């Protein structure tokens with residue numbers, strides 16, 4: 001009887017080792033292929049200024065970005081209330097009238113950094129297409145901005161810009177300020193994503 | 001007669017200047033001073049991040065002035081993370097004497113909940129030293 005228990009014990013230990021081995025194997029695979037790059041302080045600046053009028057410009061320096069080199073997927077999120085304007089009245093109008101930040105508190109992007117290979121990335125700046133969908137005010141739009149990518153140590157820098165139209169996101173500009181706000185909004189982004197470990 | 005005209009010109013001038021000042025005040029209001037505003041919510045960092053992560057709408061806290069306490073889990077530049085769930089961008093730099101593990105209370109504007117990194121974001125944060133009314 002005692003022997004049987006011992007045998008069971010051995011079986012458990014062996015089984016345990018097997019499971020642990022599998023787990024460790026999976027985890028190490030994870031670190032090789034699934035190392036994430038993250039930026040918690042990504043910068044997004046948008047500008048819709050018209051010449052001769054007061055600049056319509058805002059900056060958000062707390063945009064989050066996640067990049068997974070295993071499938072080149074990139075996800076980003078910006079809180080609309082995080083955009084800061086020089087003119088606080090403009091900021092209020094942006095949140096209350098144009099974006100309706102209480103209803104749509106965030107902008108999201110999900111996409112793929114096309115043809116990118118992390119192993120080939122270095123200090124040399126190369127251009128890629130970041131293809132994906134941008135969601136603002138609950139409206140999704142497919143975008144394909146060209147981005148400049150550079151890797152210095154374990155920092156992956158992704159910079160680019162896109163031109164958006166307010167009407168694409170059902171943002172109505174009242175007639176009275178129509179001349180003061182550009183028809184096209186230029187959105188620039190600058191992400192410095194940090195990898196978990198140095199390469 | 002000349003004296004009266006001068007007086008009127010002076011009054012008109014003052015009225016004009018006042019109107020311009022008023023218009024300027026209306027078009028360019030002073031930015032919010034979060035540190036001077038009344039606190040609307042007081043709670044621990046865990047309570048805030050716990051509640052906001054469950055909320056479908058963030059209107060309750062977004063753009064409101066909050067007083068939050070908790071242990072510092074990370075310091076990065078002018079940012080402090082409290083209890084791994086609340087990230088505060090300080091109005092000025094982080095007090096150089098502060099270290100990870102210290103318990104602090106801050107007053108800040110709640111920007112919203114970032115579901116990508118699962119963190120509540122605060123900005124214009126100021127340190128409230130020796131706050132005991134927890």
Original post:
Which of the residues that make up the stretch A:148-187 are touching a helix residue (DSSP H, G or I) at 6+ places or on another chain (Cβ under 7 Å) and closer than 16 Å to residue A:135 by Cβ?
Top reply: A:171, A:185
Subject >> Residues located in the stretch A:137-149, provided they are part of a strand (DSSP E or B) and under 16 Å from the mean Cα position of the chain (by Cα) >> reply: A:140, A:141, A:142, A:143, A:146, A:147, A:148, A:149
Original post:
So which of A:132, A:160, A:195 ends up being buried (at least 17 other Cβ atoms within 10 Å of the Cβ), under 17 Å from the mean Cα position of the chain (by Cα) and at pLDDT below 95?
Top reply: A:195
Original post:
Can you tell me how many residues in the stretch B:89-114 are within 12 Å of chain A (Cβ to nearest Cβ) and more than 14 Å from the chain's Cα centre (by Cα)?
Top reply: 2
Original post:
Among the residues of the stretch B:64-83, how many are away from every other protein chain (no Cβ under 14 Å) and within 18 Å of residue B:36 (Cβ to Cβ)?
Top reply: 2
Original post:
Among the residues of the stretch A:91-101, which ones are more than 9 Å from chain B (Cβ to nearest Cβ) and under 21 Å from residue B:27 (Cβ atoms)?
Top reply: A:93, A:94, A:96, A:97, A:98, A:99
Original post:
Which condition number in (1) away from chain A (no Cβ under 14 Å); (2) closer than 30 Å to residue B:69 by Cβ is the one that residue B:4 fails?
Top reply: (2)
**OP:** Given the conditions (1) within 14 Å of chain A (Cβ to nearest Cβ); (2) at pLDDT below 95; (3) farther than 20 Å from residue A:104 by Cα, report the number of the one that residue B:86 does not fulfil.
**Re:** (2)
Original post:
Within the stretch B:25-66, how many residues are farther than 21 Å from residue B:88 by Cβ and either modelled with pLDDT of 85 or more or crowded, with 17+ Cβ neighbours inside 10 Å (or both)?
Top reply: 0
Subject >> When residues of the stretch B:118-133 are limited to those that are within 14 Å of another protein chain (Cβ to nearest Cβ) and either free of Cβ contacts under 8 Å to residues at least 24 places away in the same chain or surrounded by 15 or more Cβ atoms within 10 Å (Cβ to Cβ) (or both), the one nearest to residue B:48 (Cα to Cα) >> reply: B:120
Original post:
Among the residues of the stretch A:31-67 satisfying the criterion of being closer than 28 Å to residue B:120 by Cβ and exposed (fewer than 15 other Cβ atoms within 10 Å of the Cβ), which is nearest to the other protein chains (Cβ to nearest Cβ)?
Top reply: A:36
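The values are calculated or read from the model by the stated rules, or taken from the named source; none is laboratory data. Small disclaimer: the values here were computed from a predicted structure and weren't measured. Using ideal geometry, Cβ is built from the backbone for each residue, glycine included, and neighbour counts are taken over all protein chains shown.
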